[in-house]
Structures are given as C-alpha cells and as structure tokens.
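Please read the structure below before turning to the comments.
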Amino acid sequence: MTIPLDPDFRFEPSNNVLLNFYVKDIDQAYKFIKGNNIRIVKEIERIGDFAYFNFQDPDGNVLMISNS
C-alpha cells in the first residue's frame with residue numbers, strides 16, 4: 001500500500017459511472033462479466049438499438065459497458 005501525499009486522503013468508491021467500455025455484442029459481454037462473478041449493479045437496459053449495463057470494479061467503482 002502506498003501512502004498518499006495528502007495524509008487526510010480517504011478513498012471512497014464512486015457510485016456514478018466513471019468509464020464506459022464499448023462492445024459489439026452486449027449479451028456476450030454481460031455473459032462474460034456474470035461468468036466471472038463480477039457484481040452487476042444495473043441489468044441490461046435496451047433503448048432501441050442501444051443497450052448498456054453497469055458493474056463494479058474490484059475497488060467498488062461503477063463502470064458501464066454499452067454497444068454504442
């Protein structure tokens with residue numbers, strides 16, 4: 001563990017999406033994430049041709065995968 005420059009720094013994971021990953025096949029990406037026991041925090045939502053879902057990284061930050 002590294003010591004931050006700011007001794008009062010306290011890491012807190014973000015509940016807001018920090019990063020969006022683009023994939024061609026949202027269902028395949030979902031299956032991969034689910035199959036690796038990664039916590040999904042929002043199931044696939046489909047809006048016309050657009051689809052996305054959110055998951056947590058190992059630090060607890062929320063990330064998104066979308067097909068557009």
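The values are calculated or read from the model by the stated rules, or taken from the named source; none is laboratory data. Source: prediction; values computed, not measured. Cβ sites come from the backbone with ideal geometry, for glycine too, and all protein chains shown count toward neighbours. When the accessible area is computed, the model is the full protein with side chains, heavy atoms only, and any ligands, DNA or RNA have been set aside. Shrake-Rupley method; radii C 1.70, N 1.55, O 1.52, S 1.80 Å.
Counting Lys and Arg as +1 and Asp and Glu as -1, each charge on the Cβ, what is the dipole of the chain about the Cα centre in debye, to the nearest 20? Present the calculation step by step, with values, prior to reporting the outcome.
On the way: 7 positive and 10 negative charges, 55 e Å.
Dipole of the chain, to the nearest 20 debye: 260 debye.
Taking 0.36 nm per residue of separation and subtracting the Cα-Cα distance, what length does fully extending L19 through K31 add? It would help to have the intermediate numbers written out before the result.
On the way: separation 12, 0.36 × 12 = 4.32 nm, distance 1.93 nm.
Here the answer is 2.4 nm.
Express in Å², to the nearest 10, the accessible area of D57 obtained by rolling a 1.4 Å probe over the protein heavy atoms while all chains stay in place.
40
Taking the inverse of the average 1/r across all pairs of different Cα atoms in the stretch 11-68, what Kirkwood radius in Å do you get? Working shown, then result.
Numbers: mean 1/r = 0.0870 Å⁻¹.
Kirkwood hydrodynamic radius for the stretch 11-68: 11.5 Å.
With a 1.4 Å probe and every protein chain left in place, tell me how much accessible area F50 has, in Å² to the nearest 10.
60
Give me the accessible area per residue for the chain, probe 1.4 Å, as a whole number in Å².
Details: 5450 Å² over 68 residues.
Here the per-residue accessible area is 80 Å².
Suppose we keep just the DSSP beta bridges with both residues in the stretch 1-66; what percent of those would be antiparallel, to 5?
Around 75 percent antiparallel, to the nearest 5.
Please list, in chain and number order, the residues 5+ apart from V23 or on another chain whose amide H is under 5 Å from its amide H, with Hs placed from the backbone.
S66, N67, S68
Which whole-number percent gives the relative contact order of the chain, counting Cα pairs below 8 Å spaced six or more residues apart? Working shown, then result.
Working: 105 pairs, mean separation 26.7, N = 68.
Relative contact order for the chain comes out at 39 percent.
Calculate how steeply helix 26-35 sits against the longest principal axis of the alpha-carbon atoms of the chain, using the helix alpha-carbon long axis, and give the answer as 0 to 90 degrees to the nearest 10.
So the inclination is approximately 50 degrees.
Carbon and sulfur together cover what percent of the accessible area of the chain at a 1.4 Å probe radius? Let's see the in-between values first.
On the way: 2870 of 5450 Å².
Its accessible area is 53 percent carbon and sulfur atoms.
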